[in-house]
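The block underneath contains the structure these notes are about, expressed in C-alpha cells.
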Amino acid sequence: MKICIYGAGAIGGYLGAALAEAGCEVSLIARGAHMEAIRRDGLRMVQGEQETVYRLICTDRPQDLAAQDYVIVALKAHQVPAAAQSIAALLAPEGSVVTAVNGLPWWYFFKAGNEFEGRWLESVDPGGVQWRTIGPERVIGCVVYPACEITYPGVVTLMEGDRFSLGEPSGEATPRVSALSDAMRKGGLKAPIRARIRDEIWIKLWGNLSFNPISALTLATLETICRNPGTRGVARSMMLEAQRIAEHLGVKFPIDVDRRIAGAQAVGKHKTSMLQDLERGRPMEIESLAGSVQELGLMTGMKTPSIDLVLALLRLRAKTLAETNAPHAPHEQVDRASPSVK
C-alpha cells in the first residue's frame, strides 16, 4: 500500500511514522529545514521516553513520486487549493484523498442528501478548484484528535492522543476506508469508521469556530476564555448559532453546548492553533473555521450575528498584521487538535 503524507508537519509526521510501522510504503511531502533534516537523519518520532527513527522518502517535489493508493492531506486548509493539482496528479487510478484538515471540508455537500447536494463551499474552496481538480468522489473524511509538535526540524513529539476518525461522505463502510482503517490500527492508531462523519466534524468545529477566533483577538488561553463570563458568553452564542445551522442540515450533536465548553475549559492554559499561528506571523485558518459557518448561514437563511461580529474583527486583525508585517517571536511548530469531549 503506497501512502503519501502531503504536508508532513507534526500531525503528518505522526501519521507517516504510524503507517510505516504498519508496513506501508510511505512518502512525505515537506519543505525547508524540516525536509532537509528528515532526508539527512530520518524522521525522529518521540513518544514519552522512546524515540524511533524512520527512514522515509521525503521531498518537496510531489511530481517525483510514484502513483499513490492514498494521499493524506495534512496541510492548513488555506494551503490546499494551491496544492490541488499536485495532489490529484499523485493518485493512482483508484487512489483516494484523505482530508486530515481543520474546519468544514470542501466536499461537505457531496452525497449529503440535502438541498445543497453537489455544491462546494466557496470559503474553503474558492472557485471550486478542489472539487473540480481532485473530485469529491475520491475523498475519505478524517477528524484529527492527537496533539503533536515539531520540537526540532525532523523531530516530531507526540503530546497526547492517537485517534483519527474516518468516514466516507456517503456513510458507507467501503473497502477503501476499511483498508485504510486497518493499516492505521496496525500502526498503533485508533481509526474508527464513522457512518456519520459530518457529526464528528461539527463537534470538533464547534469549539474551533468560537475559541480560536476569540483567542486570536484576546490572546487568551482556553481556560481564560471559558472562565471569563464575557468571552464565555460570546463563545456560547457563536456555538448556538452554528448548532442551529448544523441541525438544519441534519447533524446530530451528542452533547450540549455547556458540556462542550466545560471540556474546553478542562484542557487548561492551552493556546489555540489560531493564536499560535498569530504569534508566529503565519496565516490563520479563518475561513475554514469560521467563514465557512457564516457561508452556511447565508445559504440556509439563518442569521449569525455573533459569528459575523467576531469574524469581521478577526479578518481585520489578520489584514492589519499582514499590511504592517508585524514581527513575531520564533516558536516550534505545534499541531494540536481542539479539545474533545469524551
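The values are calculated or read from the model by the stated rules, or taken from the named source; none is laboratory data. The model shown is predicted, which means the values in this text are computed figures rather than measured ones. Neighbour counts run over all protein chains shown; Cβ positions are idealised from the backbone, glycine included.
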Legend entry - Subset of region 58-73 (residues that are in contact (Cβ under 8 Å) with a residue 12 or more places away in the chain and not aliphatic (A, V, I, L, M)): C58, T59, D60, P62, Q63, Q68, D69, Y70
Legend entry - Any hit, region 296-303, residues being modelled with pLDDT under 95, surrounded by 13 or more Cβ atoms within 10 Å (Cβ to Cβ) and either in a helix (DSSP H, G or I) or not assigned by TED's automatic domain parsing to the domain that holds V46 (or both): no
Inset, instruction - Spot the failing condition for M274; the list is (1) in a helix (DSSP H, G or I); (2) farther than 19 Å from V101 by Cβ, and only one is missed. - result: (2)
Legend entry - Residue satisfying condition, being outside any loop (DSSP other than H, G, I, E, B), closer than 23 Å to W106 by Cβ and either without any contact (Cβ under 8 Å) to a residue 24 or more places away in the chain or not acidic (D, E) (or both), within set R244, R259: R244
Legend entry - Candidate set: region 180-205, residues that are among the small types (G, A, S), touching a residue at least 40 places away in the same chain (Cβ under 8 Å) and assigned to a loop (DSSP other than H, G, I, E, B); chosen: the one surrounded by the most Cβ atoms within 10 Å (Cβ to Cβ): G187
Inset, instruction - Say whether the condition of being surrounded by 22 or more Cβ atoms within 10 Å (Cβ to Cβ), closer than 27 Å to M1 by Cα, assigned by TED's automatic domain parsing to the domain that holds C58 and modelled with pLDDT of 95 or more is met by at least one residue in region 121-133. - result: yes
Inset, instruction - Could you please tell me which pairs satisfy a Cβ distance under 8 Å, a separation of 6+ or placement on different chains, a first residue in region 285-298 that is under 18 Å from P81 (Cα atoms), and a second residue that is in a helix (DSSP H, G or I) and of a type in the set (S, T, N, Q)? - result: E285/N212; E285/S273; L289/N208; L289/N212; A290/N212
Inset, instruction - Out of the residues in region 20-35 that are under 21 Å from K186 (Cβ atoms) and touching a helix residue (DSSP H, G or I) at 6+ places or on another chain (Cβ under 6 Å), state the one that is surrounded by the most Cβ atoms within 10 Å (Cβ to Cβ). - result: L28
Inset, instruction - Answer with yes or no whether I57 is under 27 Å from L121 (Cβ atoms) and at pLDDT 95 or above. - result: no
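So that you can scan it fast, the table gives a plain yes or no per residue for (1) touching a Ser or Thr at 6+ places or on another chain (Cβ under 9 Å); (2) in the same structural domain as W202 (by TED's automatic domain parsing); (3) surrounded by fewer than 19 Cβ atoms within 10 Å (Cβ to Cβ); (4) of a type in the set (D, E, K, R):
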site	(1), (2), (3), (4)
I225	yes, yes, no, no
G230	no, yes, yes, no
L240	yes, yes, yes, no
I245	yes, yes, no, no
A262	no, yes, yes, no
K269	yes, yes, yes, yes
Legend entry - Options A84, A89, A100; residue that is of a type outside the set (V, I, T), at pLDDT 95 or above, surrounded by fewer than 18 Cβ atoms within 10 Å (Cβ to Cβ) and not assigned by TED's automatic domain parsing to the domain that holds S210: A89
Inset, instruction - Identify the single condition in (1) touching a residue at least 60 places away in the same chain (Cβ under 8 Å); (2) surrounded by fewer than 24 Cβ atoms within 10 Å (Cβ to Cβ); (3) more than 14 Å from A74 (Cβ to Cβ) that I38 does not satisfy, given that it satisfies every other one. - result: (2)
Inset, instruction - Would you mind listing the strands (runs of 3 or more DSSP E) fully within region 1-98 where at least 2 residues are out of contact with any Cys (no Cβ under 8 Å at 6 or more places or on another chain)? - result: 2-6, 43-47, 50-54, 57-59, 68-73
Inset, instruction - Filter region 160-179 down to residues that are among the small types (G, A, S) and part of a loop (DSSP other than H, G, I, E, B) and give me whichever is surrounded by the most Cβ atoms within 10 Å (Cβ to Cβ). - result: G161
Inset, instruction - Evaluate the following for T174: is it without any contact (Cβ under 8 Å) to a residue 24 or more places away in the chain, in the same structural domain as A264 (by TED's automatic domain parsing) and over 17 Å from the mean Cα position of the chain (by Cα)? - result: no
Legend entry - Matching residues, region 191-209, being within 26 Å of A235 (Cβ to Cβ) and of a type in the set (G, A, S): G207
